Amino acid sequence: MNQFQDKVSIITGATSGIGRALGEELARRGAQVILTGRRVELAKEIAQTLQSEGHKAEAAALDVTQANAVHELVQKIYGQYGRLDYMFNNAGIGVADEARDLNLDHWRGVLNVNLLGTVNGVTASYPIMVKQGFGHIINTASIQGLLPLPYSASYVTSKYGVVGLSEALRIEGADLGVKVSVVCPGYIKTEIFHKIKVFRMDRQKMLRSLPRRLGISAEKCSKKILRGVERNKAIIVITGHAKLLWILHRIHPGLILWMMTKHVKKSRAELRMED
């Protein structure tokens, strides 16, 4: 049984990576998908391709940092279809470097998109789902929302916030018919790592350090996410590597902190040698 058939689904950050793969997979499963993002022309191209394949898709411009715009879009979709089944709060950005090299604008940029953008999606969709008595909110966090990794303090902060928000909302929504899940991917092979802002850190060195053999494609990730949604899992951790790190952190958090601290010392020493 396909539980996504004819279900109205909004996806933010749907023009690339996980968001795009989710939109395409949902459309192929018969959902009515609304692909949103700041690159609206690209969203339209994706939607048109899906339509040409016989699927139900449309595109809309959306900046998740603009609360009024998010609210207006969600209200428009709800008025158009008379229901809202899934809200995928997926839009996200990152900054990679030591916290001492970041200023307040860097912090605000990440928090406004990753955390407040998710809050904007929740506050727009949750009341509708409560009113109709059903619906599922899926927030994209990261494995870095479950354990701390260095050189990404602003990103870690935002994703820990998304995890906490999702778990608290899941408790409140359970008795109201609203489901809430949080997605925590490990390394997914998307373009975000090539677009992420870096300062003192060497981008190529950062890219080489990624666990490429342990990563998966966005398409495979989207299938795993939807499997978790079907099962109404509270936390959907993606990739075996990420699951292992999460388990280790839960069993022995001191070990992960020691490993990461050692990694930072080594990286700083290498940077001094290069200077």
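What follows is calculated from the coordinates using simple rules that are stated; it is not laboratory data. Just so we're clear, the structure is a prediction, and the values are computed from it rather than from any experiment. Because the Cβ atoms are built from the backbone with ideal geometry, glycine has one as well, and the counts that use them run over all protein chains shown.
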- [ ] Grab the DSSP H runs of the chain that are 4 residues or longer, score each as -39,500 (n - 2.57), total them, divide by all residues and round the 222 nm result to the nearest 500 deg cm²/dmol.
- [x] -17000 deg cm²/dmol
Open item on the list: Neighbour counts of other C-beta atoms within 10 Å: give me His55, His263, His136 arranged from fewest to most.
Closed with: His263, His55, His136
- [ ] Express in nm, to one decimal, how much length is gained between Arg227 and Gln48 on full extension, taking 0.36 nm for each residue of separation and deducting their alpha carbon distance.
- [x] 61.8 nm
- [ ] Could you tell me which of rounded, prolate or oblate describes the range 210-259, using a ≥ b ≥ c as the square roots of the eigenvalues of the alpha-carbon gyration tensor, with rounded for a/c under 1.5 and, failing that, prolate when a/b is larger than b/c and oblate otherwise?
- [x] oblate
TODO: Could you run the Karplus curve 6.51 cos²θ - 1.76 cosθ + 1.60 with θ = phi - 60° over the range 77-90 and give me ³J(HN,Hα) per residue in whole Hz, x for Gly and Pro?
DONE: 5, 5, x, 6, 10, x, 6, 9, 8, 9, 10, 9, 8, 10
Open item on the list: What distance in nm lies between label points placed 7 Å from Cα along the C-beta direction at Ala269 and Lys131?
Closed with: 6.1
Open item on the list: Only bridges whose two residues both fall in the chain count here: according to DSSP, what percent of them are antiparallel, nearest 5?
Closed with: 0
Open item on the list: How far apart, in nanometres, would the label points at Asn2 and Ile247 be if each is projected 7 angstrom from Cα along the Cα-to-Cβ direction?
Closed with: 3.4
- [ ] Could you go through the range 224-240 in sequence order and give the Karplus-derived ³J(HN,Hα) for each residue, using 6.51 cos²θ - 1.76 cosθ + 1.60 with θ = phi - 60°, rounded to whole Hz, and x for Gly and Pro?
- [x] 5, 4, 5, 5, x, 5, 4, 8, 6, 6, 5, 10, 10, 8, 10, 5, x
- [ ] Show the residues, 5+ positions off or on another chain, whose built amide H is closer than 5 Å to the amide H of Ile236.
- [x] Val182, Val183, Cys184
TODO: Apply the Debye scattering formula to the range 93-195, with a single equal point scatterer on each alpha-carbon and no solvent, then give log10 I(q)/I(0) at q = 0.18, 0.20 Å⁻¹.
DONE: -0.85, -0.98
Task: For the chain, built as a Gaussian network whose Cα springs stay under 10 Å, the top-fluctuating residue of Lys262, Lys223, Lys179 - done: Lys262
- [ ] Return the ratio Rg/(2.2 N^0.38 Å) for the chain, where Rg is computed over Cα atoms only.
- [x] 1.01
Task: Relative contact order, percent, the range 67-198 [alpha-carbon distance under 8 Å, six or more residues apart] - done: 31
Task: When each of Lys7/Lys159; Lys189/Lys220; Lys189/Lys262; Lys189/Lys223; Lys131/Lys179 is checked by Cα-Cα distance, pairs over 18 Å - done: Lys7/Lys159; Lys189/Lys262
